[in-house]
Amino acid sequence: MTARKKTSLLAILVLVLLASTAAAFAAPQAPAPSPSPTSSSASGGDPAPTTTGGPRPTTSASSTSTAAGVTTSRTVPTSSTAVSPAPQPTNGNVAPLNIQLAVPVRGQCARRCVRKEVSAMTTDEWNRYVAAVKQLNQGQGGGQMTAYEKLVQEHLDYTPNAHGVDAFAMWHRYFLARFEQTLQKIDPSVCVPYWDWARTSQNYRAHPAFTPARLGSPRAGCITDGAFAGWNTRQSGGACVQHAWSPSRLAAIQFVVGLMRGSPTYSEFRSRYEAQMHGNPHVAVGGIMSVMASPSSPMFWIHHCAVDKHFQLYFEEINPGVKYPQPSENLVPWNVPAGSLERTADWCYSYADSPFPDEVNPQQPSGIPSAWLQMNFGGNATAIAAITNSTAGVLDQVADKIAKNDTADLTVPRHNVGSAFQPPAAAASGAEMVGVSAVAVVVTAMAMLL
């Protein structure tokens, strides 16, 4: 090649490099969530959620359970109004999708899901999931109840069968499978993701999925951007589903594992976990998430997948010999034996490991407002006091171990995370990668010419 041709080619390559770099830096970037201010102490300080304005169950029900040595019982009264006044639908001309809710059967799997952390989903996986959820709520808030709204109402109607009782974990496990397998009727490739709040606990609002590119920005009020902008249900009681996004610390994985190891029986672990670890995200995200119409929020499903993942860890790895205390107890209203839900593989799914590392020296989670505990545990003050006191004792022990760097038994094994993986928060954007790729091409070409 002549010197003139080499010079011309070099000039062209330099122009390509400059143009690619300019495009990378000029590309619009999703705004980063605002950092969380210093949280209140673990003894409390979070604002109490509103629990009086949401819709009430349409049926009466009662339930009993033993938690932390205290028997709880309650009755939810029948309401004369099935749901709150319906907000205006997004498109009044769109009829709800004609689809029956799935009835999962143990061992009968049309496909087996590997549920991923929400930020680790590919763009295609995320888009398919969103599209299926939106179809399930097609005609949202209108005159006819959508399939999605039927699920929300199911959660409302059977509140006492699913909260403040041992069936909590199993009931929600089946409820999630019902949601997931109904979505698969729309798109068989869909799997429900989980939100790993236990490894982004100290500043949960900075999670990389809380951007306009995915779940929307963590701003108080209606969902105004992201995949579910303008989302509403009949049960949201207004024109839109709203969140509060309060500054709280959630429970780091070390506290979750410490609670597993520090709770000798399933009933002790379940009651403590349900009150604290499960309660923190409901209260922090707030709004509709802090009342029993919480499945109205798209956040509900990814939160409860994380909860379910922790119960998988509890049953299958940390305490594999533990069994559900009343295995023949039927889950209401499905008449599925609770003991049949101890293993996730029996219900057609498993979990991928989180992309995030464990947090270093995490502080204790924020306290749970008494109003939320009363709603979740049926207002039994004696039971609530026993649960909160015993939970606080375990959390103090875990905090002491963290302070002494004695955390060997507070970690969990990883199964399928590559050593070179970088959390999405630190990963380069697509535009930046274009620029980097262009640099690599140009440098390689120049080296060949010279």
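The values are calculated or read from the model by the stated rules, or taken from the named source; none is laboratory data. Everything quoted here is computed from the prediction, not taken from an experiment. Cβ coordinates were reconstructed from backbone atoms using ideal geometry, including for glycine residues, and neighbour counts include every protein chain displayed. The protein model used for the area step is the full one, side chains on, heavy atoms only, and it has no ligands, DNA or RNA in it. Shrake-Rupley method; radii C 1.70, N 1.55, O 1.52, S 1.80 Å.
Name the residues in segment 280-338 that are part of a helix (DSSP H, G or I), farther than 20 Å from GLY216 by Cβ and touching a strand residue (DSSP E or B) at 6+ places or on another chain (Cβ under 7 Å), would you?
Across segment 280-338, the qualifying residues are LYS309, GLN312, ALA338.
Residues of segment 232-256 being open to solvent by 10 Å² or more (accessible area, probe 1.4 Å) and in a loop (DSSP other than H, G, I, E, B), which ones? Before the answer, list the steps.
Narrowing segment 232-256 to residues open to solvent by 10 Å² or more (accessible area, probe 1.4 Å): 234, 236-240, 242-247, 249, 254.
GLY237, GLY238, ALA239, CYS240, ALA244, TRP245, SER246, PRO247, ARG249 - these are the residues of segment 232-256 that are open to solvent by 10 Å² or more (accessible area, probe 1.4 Å) and in a loop (DSSP other than H, G, I, E, B).
Could you tell me which of the residues ASN380, ASN335, ASN376, ASN330 is over 20 Å from GLY164 (Cβ atoms) and either within 15 Å of the chain's Cα centre (by Cα) or polar (S, T, N, Q) (or both)? Can you show your working first?
Values: ASN380 fails: over 20 Å from GLY164 (Cβ atoms); ASN376 fails: over 20 Å from GLY164 (Cβ atoms); ASN330 fails: over 20 Å from GLY164 (Cβ atoms).
Result of the check over ASN380, ASN335, ASN376, ASN330: ASN335.
For (1) open to solvent by 50 Å² or more (accessible area, probe 1.4 Å); (2) in a helix (DSSP H, G or I), each residue gets a yes or a no:
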| site | (1), (2) |
| --- | --- |
| LEU101 | no, no |
| VAL105 | yes, no |
| GLN108 | yes, no |
| VAL114 | yes, no |
| SER119 | no, yes |
| ASN127 | yes, yes |
| VAL130 | no, yes |
| GLN138 | yes, no |
| GLY143 | yes, no |
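Looking at GLN242, GLN235, which one is within 27 Å of LEU151 (Cα to Cα), touching a Cys at 6+ places or on another chain (Cβ under 8 Å) and in contact (Cβ under 8 Å) with a residue 12 or more places away in the chain? Walk me through it before giving the result.
On the way: GLN235 fails: touching a Cys at 6+ places or on another chain (Cβ under 8 Å).
Being within 27 Å of LEU151 (Cα to Cα), touching a Cys at 6+ places or on another chain (Cβ under 8 Å) and in contact (Cβ under 8 Å) with a residue 12 or more places away in the chain holds for just one of GLN242, GLN235, which is GLN242.
Just to be sure, is VAL285 buried (at least 24 other Cβ atoms within 10 Å of the Cβ) and under 13 Å from the mean Cα position of the chain (by Cα)? Can you show your working first?
Details: buried (at least 24 other Cβ atoms within 10 Å of the Cβ): yes; under 13 Å from the mean Cα position of the chain (by Cα): yes.
It is true that VAL285 is buried (at least 24 other Cβ atoms within 10 Å of the Cβ) and under 13 Å from the mean Cα position of the chain (by Cα).
May I ask you to list the residues in segment 347-371 that are assigned to a helix (DSSP H, G or I) and modelled with pLDDT of 95 or more?
First pass over segment 347-371, keeping only residues assigned to a helix (DSSP H, G or I): 347, 370-371.
Within segment 347-371, just TRP347 meets the criteria.
List pairs: first residue in segment 155-166 and among the acidic types (Asp, Glu), second residue part of a helix (DSSP H, G or I) anywhere in the structure, Cβ distance under 8 angstrom, at least six positions apart or on different chains.
Between residues of segment 155-166 that are among the acidic types (Asp, Glu) and residues that are part of a helix (DSSP H, G or I), the close pairs are ASP166/TYR266; ASP166/SER267; ASP166/ARG270; ASP166/ALA338.
Here are some conditions: (1) outside any helix (DSSP H, G or I); (2) in contact with a Leu (Cβ under 7 Å, 6 or more places away or on another chain); (3) open to solvent by less than 30 Å² (accessible area, probe 1.4 Å). LEU97 meets all but one. Which one does it not meet?
(3)
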